[in-house]
Amino acid sequence: MSQFLIIPMAAHVALAVLLYVLLTAARAPAVWGIGRRPDGAHPWASVEPRISANLSNQFEWPLLFYAACLILMQLQVTSSAIVLAWIFVAGRVLHSAVQILTQNVRLRGIVFTINFLAVLGMWVLVLMAANRSPVA
């Protein structure tokens, strides 16, 4: 059953790859002149910092998601863990959309709570599984 946690982990990696592609495309007018407006303006200047910030976010709280997944893969993967992992991924996608497409910090915080609670739930499962595991 541990292979079922690899898929949400891979989905999050795919999100990070997509963000790298978006960031590269957003920086293209400034770096290579590709897509620069005739007046020299950078069409993605306002969104590029938000994409960059969101990409950085993918290496903060998600670290604890990966740690929980790896520990659960060694101890005990349950259907609850898989559901929480997918909630985390869905929350990250939604968080990325809110952060990149809006400037609504309040909504972004609310959406982040989804990720936060999913990972906390996974860590509760880690602690429960560790308590059930025999001591070596």
> Mind checking which pairs have a first residue in segment 95-113 that is among the polar types (S, T, N, Q) and a second that is not in a helix (DSSP H, G or I), Cβ under 9 Å, 6 or more apart or different chains?
Replying inline: SER96/GLN58
> Looking at segment 125-136, which of the residues that are assigned to a helix (DSSP H, G or I) and touching a residue at least 40 places away in the same chain (Cβ under 8 Å) is surrounded by the fewest Cβ atoms within 10 Å (Cβ to Cβ)?
Replying inline: ARG132
> Of all residues in segment 84-109, how many are under 19 Å from SER56 (Cβ atoms) and aromatic (Phe, Trp, Tyr)?
Replying inline: 1
>> I need every pair where a residue in segment 26-41 that is under 19 Å from SER52 (Cα atoms) and modelled with pLDDT of 70 or more has its Cβ under 9 Å from the Cβ of a residue that is among the basic types (Lys, Arg) and part of a loop (DSSP other than H, G, I, E, B), sequence separation at least 6 or different chains.
In response: ALA28/ARG36; PRO29/ARG36; PRO29/ARG37; ALA30/ARG36
> Quick one: VAL89 ticks every box in (1) over 30 Å from GLN3 (Cα atoms); (2) aliphatic (A, V, I, L, M); (3) touching a residue at least 24 places away in the same chain (Cβ under 8 Å) bar one, so which box is it?
Replying inline: (1)
>> Going through ALA81, ALA68, ALA14 one at a time, which residue ends up being at pLDDT 95 or above, in contact with a Phe, Trp or Tyr (Cβ under 6 Å, 6 or more places away or on another chain) and under 24 Å from MET1 (Cβ atoms)?
In response: ALA68
> Only one residue in MET73, MET122 is under 16 Å from MET9 (Cα atoms), buried (at least 17 other Cβ atoms within 10 Å of the Cβ), touching a Ser or Thr at 6+ places or on another chain (Cβ under 8 Å) and of a type outside the set (Phe, Trp, Tyr), so which one is that?
Replying inline: MET73
>> Among (1) aliphatic (A, V, I, L, M); (2) more than 25 Å from LEU125 (Cα to Cα); (3) surrounded by 14 or more Cβ atoms within 10 Å (Cβ to Cβ), there is one condition ALA53 misses while meeting the rest; what is its number?
In response: (3)
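The values are calculated or read from the model by the stated rules, or taken from the named source; none is laboratory data. The structure presented is a predicted model; accordingly, all values stated were derived computationally and were not measured. Please note: Cβ atoms are built from the backbone with ideal geometry, for glycine as well, and neighbour counts cover all protein chains shown.
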